[in-house]
Structure formats: C-alpha cells, structure tokens
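Comments concern the structure below.
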Amino acid sequence: MSSSSVLSPSPSPPPTIQTIKKCQYCRNIMPSTTVTKGCRACLDKRSSYKKKNIEKKQEASRVENRVLQEKIVAARKLRTLKELVKGGRKMAKKPPPPSNITCLSDKDFYTSITAYNATITQSFSVVFDPEINNQQRTRLVSKRLAKEAKLKFDYHENIFTGKNTSNTHTRVFRCTCKDNLPQIHSAPKLERKPSDLSGWIKKKGKNLENDDGRCAGRIAVIAEKDTSHVLGIEGQRIIVKVDH
C-alpha cells in the first residue's frame, strides 16, 4: 500500500468559546440565553419611565386644551362686550347695567346720600372681588358713609340681630345726629278747655325721635350677591337704607 493511500487524521473541531453578555444599561452580566438588550430590572424601570412621560404629556395636553378653551370663552365675551359697547348689527346700544340698582357708580351713590338728609334708599353694584366678601364690603361701605356721606352714626356699633347668610350680609346702626345737642325736658303746659283737647295730643312729626330727644333713625348697610349682569359677570350689590 502506498503512502498516498494512508488516510490523514481528521482535524479536531475548534473549542467552544462562551460569550459573556452584559446589560446595555447597568452593565451587569446576564445569562447568555437572554435575548433582550437589558436585564429585567432595567427594562421594567425604563417601561415605568416611559409610562410616566406619557402621562405627563397627556396631562400637559389636557391643561393646554383647557387653557385654550378658557381663552376662547374669554375672547367671545370680550368680542360680545365690544359689540355691545361700540354697536353692532343687532345690538347698537351699551350693555344694560345690573338690575335693581339706583346708582351706576359708587361716586353717584355717596353723592346722592349726602344730598338727602331724610329717608332714602340707594344702591349700586361692583364686580365681585374674591378678596372682599359681603361682610368686609359692608364694613368698608359703613366707614365711607360716615366719612364721605357725613352720616352721623358709629360704624363700630352694629345693632343688627338677624341672621346673615353666605349670599348677603347686613349691618344696622343707630343714627346719632342729635346725640350732641342739649336735651331740654320741659313739662307740657296743661290748659283746661272743656270742649277742645287738641292741645293734649302730641302730633307725630316726620323725623323719628325717642322719648329722650335722641334721633330714633336707623342706617342699614346690605351687601349681597348680584347675578343680574347681562354677560353673567358675578357682582356685589350694595344697598343703603337711611330712615331718619
């Protein structure tokens, strides 16, 4: 047998090299059979982050839509107000003032009360300020009445004993216009007239007066919720009643 016919031994297979697989995010070693790029902990964490980001974007979108709707409503109200003031096809007049008021401004309100020294009821309305509730409004108006309208009363002494609610608040004060005047008490002169007793009868005058000569008048200040504006603007109606 020739040497050429002798079979050469077959080459041995290359040795198997076991690869080490690491997590793409935390670089920890993972089983070689893992098919994902990251470990389960990192994948769960990234999934949680993605979910939170999606929720934040959705919330931001909702807020943006809400703000947009508020701007649209405000723009419509402003456009309607401009049409009412400047005049339009259907409405050429100014928007009517709130109902159930006698004065269009606080200046007219205090001026009109100052001009009368007798029984009078006046009212005006302002845009509602969340920082000033009805109780605070009556306190402010009472001080201005004493200082600007020159009404004689002590705005610290509220004699109202009724019940106030969240929509209305009332203060009542005693008129002190005659407190500083000298009180003269004289006995009435009795005249005997067999056929005429008219001198015995004290006629009641127009002004209220107590038995001690002091004024029995009352000054009431009321602040209440006002929803009568044509555009739906919430306001406060202030009413002052002077019984003098």
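Name the pairs: first residue in region 134-152 and hydroxyl-bearing (Ser, Thr, Tyr), second residue at pLDDT below 90 and open to solvent by 30 Å² or more (accessible area, probe 1.4 Å), Cβ to Cβ under 7 Å, at least 6 apart or on different chains?
So the pair list comes out as 142/155.
Checking residue 84 against (1) open to solvent by less than 70 Å² (accessible area, probe 1.4 Å); (2) in a helix (DSSP H, G or I); (3) at pLDDT 80 or above, only one condition comes out false. Which one?
Residue 84 satisfies every listed condition except (3).
Identify, please: which residue in region 111-145 is surrounded by fewer than 16 Cβ atoms within 10 Å (Cβ to Cβ) and assigned to a strand (DSSP E or B) and is, among those, farthest from the chain's Cα centre (by Cα)?
Of everything passing the filter in region 111-145, 120 is farthest from the chain's Cα centre (by Cα).
Restricting attention to region 218-244, report how many residues are surrounded by fewer than 19 Cβ atoms within 10 Å (Cβ to Cβ) and among the charged types (D, E, K, R).
5
The values are calculated or read from the model by the stated rules, or taken from the named source; none is laboratory data. Keep in mind that what you see is a predicted model, and the values were worked out from it rather than measured. Please note: Cβ atoms are built from the backbone with ideal geometry, for glycine as well, and neighbour counts cover all protein chains shown. When the accessible area is computed, the model is the full protein with side chains, heavy atoms only, and any ligands, DNA or RNA have been set aside. Shrake-Rupley method; radii C 1.70, N 1.55, O 1.52, S 1.80 Å.
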